[in-house]
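Notes to accompany the following structure.
Only the coordinates and a few stated rules stand behind these numbers; no lab work does. All of these numbers come straight from a predicted model, not from anything done at the bench. No Cβ is skipped: glycine too gets one built from the backbone with ideal geometry, and neighbour counts run over all protein chains shown.
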Amino acid sequence: MAPPSVALPHLLVVSSLNGEGWRQIAELGLALLLSALIGLEREIRQESAGLRTHTLVGVGAALFMLISKYGFSDVLEPGRVVLDPSRVAAQIVTGVGFLGAGLIFVRHDSVRGLTTAAAVWVTAAIGACAGAGLPVLAVATTAIYFVVALGFSEITRRLPQSSTAESVIRIRYPDGRGILRQILHVATTRGFAIDRVSTESIGHLHPTGPDPAEVSHGVAMVEVTLRVHGRASVNDLAATLSELDDVHAVIAHDVNAADE
């Protein structure tokens with residue numbers, strides 16, 4: 001007589017159709033965690049791409065890799081239909097390149113956003129790595145990122161600064177106030193050599209002061225551009241110039257400072 005059948009307890013499992021399962025969810029979660037860590041560092045530094053951007057880039061790259069690995073198993077036919085998951089990884093690199101290009105800002109001689117664009121690019125690689133089932137490489141690359149982003153900043157500040165590379169500083173102030181002489185005096189007394197000076201009219205500022213004529217007609221504004229070189233910090237010079245009477249704005253680009 002056959003032994004009675006034993007009813008097995010019902011197990012809740014994720015569908016294994018097309019390779020879906022807890023392993024894939026764990027890989028997606030790893031990409032979420034690692035990319036969020038990088039995004040948090042960028043958010044704390046108040047960069048143009050922060051926590052949400054980096055997290056979405058990492059998770060999206062991981063999802064693309066998972067789709068490439070498991071999303072087409074239902075159409076594969078031995079000897080007829082063959083898929084190459086590495087092709088999706090190559091397309092991720094191309095797509096993130098366009099996203100990174102949008103984070104780089106160029107204004108006159110100043111370039112900003114290079115480090116943030118590189119962080120987005122690395123985050124996509126980490127997400128793709130997690131999605132491809134390579135958690136050790138994903139975690140190691142995240143650790144390397146933090147070593148570079150946090151440790152290398154201190155190293156670059158300690159490196160010898162160039163005394164010949166040309167930095168740019170722009171100062172805006174009302175026309176006719178005689179401020180240019182003060183600006184040149186402050187720059188030279190702080191050890192900077194001035195290579196070139198140029199001025200440009202940038203329109204009128206309409207203040208809300210007590211003089212009705214000044215309010216109605218506005219005040220003519222001038223922007224002075226100084227090209228200087230020296231071993232001192234251009235950012236410190238900009239801070240000093242911003243404290244001068246009637247100076248409205250100071251914008252500095254220090255070639256010795258690391259671009260973020």
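For this structure, a couple of remarks:
- In this label model, VAL197 and ASP175 are separated by 1.8 nm, measuring between points 7 Å along each Cα→Cβ vector.
- In this simple spin-label model, placing a label point 7 Å from the Cα along the Cα-to-Cβ direction at both VAL186 and ILE144 gives a separation of 4.4 nm.
- Order by protection proxy (mean Cβ within 10 Å, highest first), peptides 57-69, 173-185: 57-69, 173-185
- In order through region 244-253: 3J(HN,Hα) via Karplus (6.51 cos²θ - 1.76 cosθ + 1.60), integer Hz, x for Gly, Pro: 5, 4, 6, 6, 8, 7, 9, 10, 10, 10
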